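Undergrad: For reference, the structure I am asking about is given below.
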């Protein structure tokens with residue numbers, strides 16, 4: 001089945017650093033969603049993007065819907081220890097009602 | 001409190017013994033979905049339902065069945081579980097399937113082990 005490619009797969013960063021991760025697809029998406037999963041929990045929505053080129057922020061998080069509609073980016077500024085977790089991109093490919101998730105970026109923050 | 005609940009949270013069973021994992025949401029959502037999560041593979045959609053009596057296959061439907069007789073419930077059925085179905089399962093729901101209100105809310109997960 002189709003999957004979204006996320007990079008990097010994992011990151012170790014120092015507290016206070018900025019983080020960037022991206023997600024790419026071979027097909028067009030009309031919606032891009034970014035989720036965070038804490039250990040032992042289900043994913044929780046961070047940011048939703050609905051238009052090509054859209055840039056949306058949620059506190060220290062900023063996400064962008066790529067112009068080609070085949071990619072999206074998530075940035076976290078001034079990371080803190082509670083940012084630790086797995087970040088997933090997701091969305092329904094254009095013309096479908098299925099949901100495809102990326103393989104995830106595992107973030108570890110060193111205090 | 002708005003939530004998606006799943007039961008059981010943990011289950012160990014043996015190959016071939018039929019089981020059902022229940023999922024219920026109290027938000028009057030139309031869209032419900034089941035995912036499995038395996039290390040390195042992210043979440044993969046098993047089945048989804050657009051509304052009562054409307055279900056469709058996701059990316060990995062083999063070996064699973066679902067039903068949507070009521071809006072709030074979406075059980076996942078494994079008629080004859082096999083070890084390769086050992087995984088972490090999540091149920092999710094959203095108001096509608098798409099169109100700007102498709103934020104999915106996830107349940108707490110069910111960890112299934114098939115021996």
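Coordinate-derived values only; no laboratory data. On a predicted model such as this, the values are computed, not experimentally measured, just so you know. In this analysis, Cβ positions are derived from the backbone assuming ideal geometry, glycine residues included, and neighbour counts consider all displayed protein chains.
Undergrad: Starting from the coordinates of the alpha-carbon atoms of segment B:1-40, obtain the Kirkwood hydrodynamic radius over all distinct pairs and give the value in Å to one decimal.
TA: 12.7
Undergrad: To continue, here is another question. Once you place label points 7 Å from the Cα toward the Cβ at residue B:96 and residue B:53, how far apart are they in nm?
TA: So the label points at residue B:96 and residue B:53 sit 2.2 nm apart.
Undergrad: Here's another thing I want to ask about it. When the Cα atoms of segment B:1-95 are enclosed in a convex hull and the volume is divided per residue, what value in Å³ results?
TA: Each residue corresponds to 95 Å³ of Cα convex hull volume.
Undergrad: So, one more: Starting from the Cα of residue A:84, step 7 Å toward the Cβ, then list every residue of segment A:4-40 with an amide N under 18 Å from that point.
TA: The answer is A:10-19, A:36-40.
Undergrad: If you don't mind, another one. Mean shadow of the protein assembly as shown, computed from the convex hull of its alpha carbons, in nm²?
TA: Approximately 12.0 nm², given one-decimal rounding.
Undergrad: What is chain B's relative contact order, in percent, from Cα pairs under 8 angstrom and six or more apart in sequence?
TA: 35
Undergrad: Which residues in segment A:1-37 place their backbone N less than 12 Å from a point set 7 Å from the Cα of residue A:106 along the Cα-to-Cβ direction?
TA: Within reach of a label on residue A:106, which here means backbone N under 12 Å from a point 7 Å along Cα→Cβ, segment A:1-37 contributes A:9-12.
Undergrad: Further question on the same structure: If you take each beta carbon of peptide A:80-86 and count the beta carbons of other chains within 10 angstrom, what is the mean?
TA: 0
Undergrad: Same structure again: Under a 10 Å cutoff between Cα atoms, tell me which one of A:24, A:96, A:68 has the largest fluctuation in the Gaussian network model of chain A.
TA: Of A:24, A:96, A:68, the most mobile in the Gaussian network model is A:96.
Undergrad: Would you please classify the overall shape of segment A:39-101 from the alpha carbon gyration tensor, given that a ≥ b ≥ c denote the square roots of the eigenvalues, rounded means a/c under 1.5, and beyond that prolate means a/b larger than b/c while oblate covers the rest?
TA: It comes out oblate by the Cα gyration axes.
Undergrad: Roughly what % antiparallel, to the nearest 5, for the DSSP beta bridges in the protein assembly as shown?
TA: 85
Undergrad: For residue B:5 and residue B:67, what is the calculated FRET efficiency with R₀ set at 22 Å and r taken between the beta-carbons, to the nearest 0.05?
TA: 0.80
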